[in-house]
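Let me begin by presenting the structure, written as structure tokens, before commenting on it.
The values are calculated or read from the model by the stated rules, or taken from the named source; none is laboratory data. Note that the coordinates shown come from a computational prediction; the quantities given were computed from them, not determined experimentally. Please note: Cβ atoms are built from the backbone with ideal geometry, for glycine as well, and neighbour counts cover all protein chains shown.
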Amino acid sequence: MTTSPAPDVDVVLPCLNEAGALPWVLARVPAGWRALVVDNGSTDGSADLARSLGATVVTEPRRGFGAACHAGLTAATADVVCFCDCDASLDPGLLAPFVEEIRAGTSDLVLGRRRPRTRGAWPVHARAGNLALARMLRHRTGLRLHDLGPLRAARREPLLALGLTDRRSGYPLQMVVRAADAGWRIAEHDVPYLPRTGASKVTGTWRGTWHAVRDMRRVLAEPPAVRADVGDSERSGTR
């Protein structure tokens with residue numbers, strides 16, 4: 001019996017009714033990487049479509065962005081794990097330099113700072129909520145980040161050691177907060193942000209944005225977690 005070669009990188013793609021975007025997204029996953037499409041209750045055939053396009057499908061019945069992301073992280077086996085939205089707003093090919101930065105040991109967590117290419121790509125309410133959270137994050141951790149976007153890369157074992165518990169919209173923020181508490185080196189790089197395909201499940205409305213901000217405020221109120229260092233080198237914060 002033949003076995004599939006281990007993937008160079010696993011890309012976690014949380015998915016809820018993204019059939020319209022999946023072909024574009026999966027076509028841009030770099031060769032040698034494995035796409036882990038985490039189906040979070042889709043009713044539009046997203047899971048079957050993803051399989052037909054060569055992705056590995058992970059089923060997570062518990063609804064929530066964090067639940068889907070963490071299911072993908074726990075299913076991953078590659079040393080480096082990336083995260084990317086599955087709505088065609090971000091190109092997973094942009095993760096390649098992030099991965100090289102992780103492998104080179106210059107950063108422990110690399111984030112994409114979304115830069116809208118069109119006026120409608122990032123609604124005003126979503127951008128305002130993100131700005132408020134970035135300010136709260138700076139107050140909580142000292143990190144001078146501009147965005148808490150979903151495009152990111154880190155090593156799998158240290159990510160698991162962070163003990164992430166949020167299973168809703170606060171998951172991306174909790175990852176950054178706990179990484180900062182652990183002394184990780186966190187980098188941020190500009191990435192083009194495109195209009196998404198289909199309706200947003202989180203920040204498409206003021207109500208959705210408010211719920212996301214509420215989840216994230218709860219994360220910021222948590223006490224510092226136990227350190228989960230990624231190595232013995234000195235950590236210098238964001239650059």
*Restricting to segment 98-126, what's the tally of residues that are modelled with pLDDT of 75 or more, assigned to a helix (DSSP H, G or I) and within 20 Å of the chain's Cα centre (by Cα)?*
6
*Within segment 154-177, is there a residue that is part of a strand (DSSP E or B), in contact (Cβ under 8 Å) with a residue 12 or more places away in the chain and not polar (S, T, N, Q)?*
yes
*Take the residues of segment 133-158 that are under 19 Å from Pro97 (Cα atoms) and among the hydrophobic types (A, V, I, L, M, F, W, C): which is surrounded by the most Cβ atoms within 10 Å (Cβ to Cβ)?*
Ala153
*Can we say Ser52 is of a type in the set (Ser, Thr, Tyr), in contact (Cβ under 8 Å) with a residue 40 or more places away in the chain and either in contact with a helix residue (DSSP H, G or I) (Cβ under 8 Å, 6 or more places away or on another chain) or surrounded by fewer than 23 Cβ atoms within 10 Å (Cβ to Cβ) (or both)?*
no
*Looking at Leu36, is it within 18 Å of Leu90 (Cα to Cα), in contact with a helix residue (DSSP H, G or I) (Cβ under 9 Å, 6 or more places away or on another chain), buried (at least 20 other Cβ atoms within 10 Å of the Cβ) and touching a residue at least 60 places away in the same chain (Cβ under 8 Å)?*
no
*Within segment 194-211, is even one residue of a type in the set (Lys, Arg), at pLDDT 80 or above and either in contact with a Leu (Cβ under 8 Å, 6 or more places away or on another chain) or in a loop (DSSP other than H, G, I, E, B) (or both)?*
no
*Mind telling me which of the residues Arg144, Arg140 ends up being among the charged types (D, E, K, R), in contact (Cβ under 8 Å) with a residue 60 or more places away in the chain, assigned to a loop (DSSP other than H, G, I, E, B) and over 30 Å from Thr43 (Cβ atoms)?*
Arg144
*Say whether the condition of being among the polar types (S, T, N, Q) and either in contact with a Phe, Trp or Tyr (Cβ under 9 Å, 6 or more places away or on another chain) or on the phi > 0 side of the Ramachandran plot (or both) is met by at least one residue in segment 59-77.*
no
_Exactly one condition in (1) free of Cβ contacts under 8 Å to residues at least 40 places away in the same chain; (2) small (Gly, Ala, Ser); (3) under 16 Å from Val99 (Cα atoms) is false for Ala76; which is it?_
(1)
*Only one residue in Thr74, Thr59 is hydroxyl-bearing (Ser, Thr, Tyr), surrounded by fewer than 17 Cβ atoms within 10 Å (Cβ to Cβ), modelled with pLDDT of 95 or more and more than 15 Å from the chain's Cα centre (by Cα), so which one is that?*
Thr59
